[in-house]
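This report concerns only the one structure given below.
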Amino acid sequence: MADPVSGIGHGPTLRIDKYLWFVRLCSSRSNAQKLAEDGHIRLNGRRIDRAHSPVRTGDLITFPHFDKVRVVRVVALPSRRGPAPEAQACYEELTVGG
């Protein structure tokens with residue numbers, strides 16, 4: 001498993017902690033790991049507790065961010081932690097109805 005984006009099944013994947021860090025939704029990878037391992041992230045509506053949970057294009061990620069809950073749809077899997085405009089092109093922000 002040397003290639004982190006070679007997914008088994010339905011296309012390429014990336015660990016959720018790496019994804020959140022690469023797209024700048026978490027300030028550090030360790031923060032993203034802690035969010036996942038503490039069970040604060042939902043992937044496609046299911047609570048996860050592992051930082052290595054695979055993320056695919058089209059997945060929905062729900063997580064706490066400061067004093068609100070953010071929901072994002074994965075648009076692309078980045079290969080690095082690039083500049084903010086590049087990172088923002090990898091997800092679509094969804095609004096929570098209310």
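Here are the numbers for the structure shown:
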| read-out | value |
| --- | --- |
| Residue check, ARG24 more than 10 Å from the chain's Cα centre (by Cα) and assigned to a loop (DSSP other than H, G, I, E, B) | no |
| Of residues in region 62-75 being touching a helix residue (DSSP H, G or I) at 6+ places or on another chain (Cβ under 8 Å) and buried (at least 16 other Cβ atoms within 10 Å of the Cβ), the one farthest from TYR19 (Cα to Cα) | PHE63 |
| Residues that are among the polar types (S, T, N, Q) and closer than 14 Å to LYS18 by Cβ, drawn from region 76-91 | SER79 |
| Leading residue by the ranking (nearest to LEU14 (Cα to Cα)) among those in region 27-85 that are in a helix (DSSP H, G or I) and of a type in the set (S, T, N, Q) | GLN33 |
| LYS18, sole failed condition from (1) buried (at least 18 other Cβ atoms within 10 Å of the Cβ); (2) basic (Lys, Arg); (3) part of a loop (DSSP other than H, G, I, E, B) | (3) |
| Unique residue being surrounded by 11 or more Cβ atoms within 10 Å (Cβ to Cβ) and touching a strand residue (DSSP E or B) at 6+ places or on another chain (Cβ under 6 Å) when the list is ASP49, ASP59 | ASP59 |
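Here is a yes/no grid of residues against (1) without any contact (Cβ under 8 Å) to a residue 24 or more places away in the chain; (2) surrounded by 12 or more Cβ atoms within 10 Å (Cβ to Cβ):
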site: GLN33; (1), (2): yes, yes
site: ALA36; (1), (2): yes, yes
site: LEU43; (1), (2): no, yes
site: PRO85; (1), (2): yes, no
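Here, each number is a calculation from the coordinates, and none is a lab measurement. No experiment lies behind these values; they were computed from the predicted model shown. Virtual Cβ from ideal backbone geometry, glycine too; neighbours counted across all protein chains shown.
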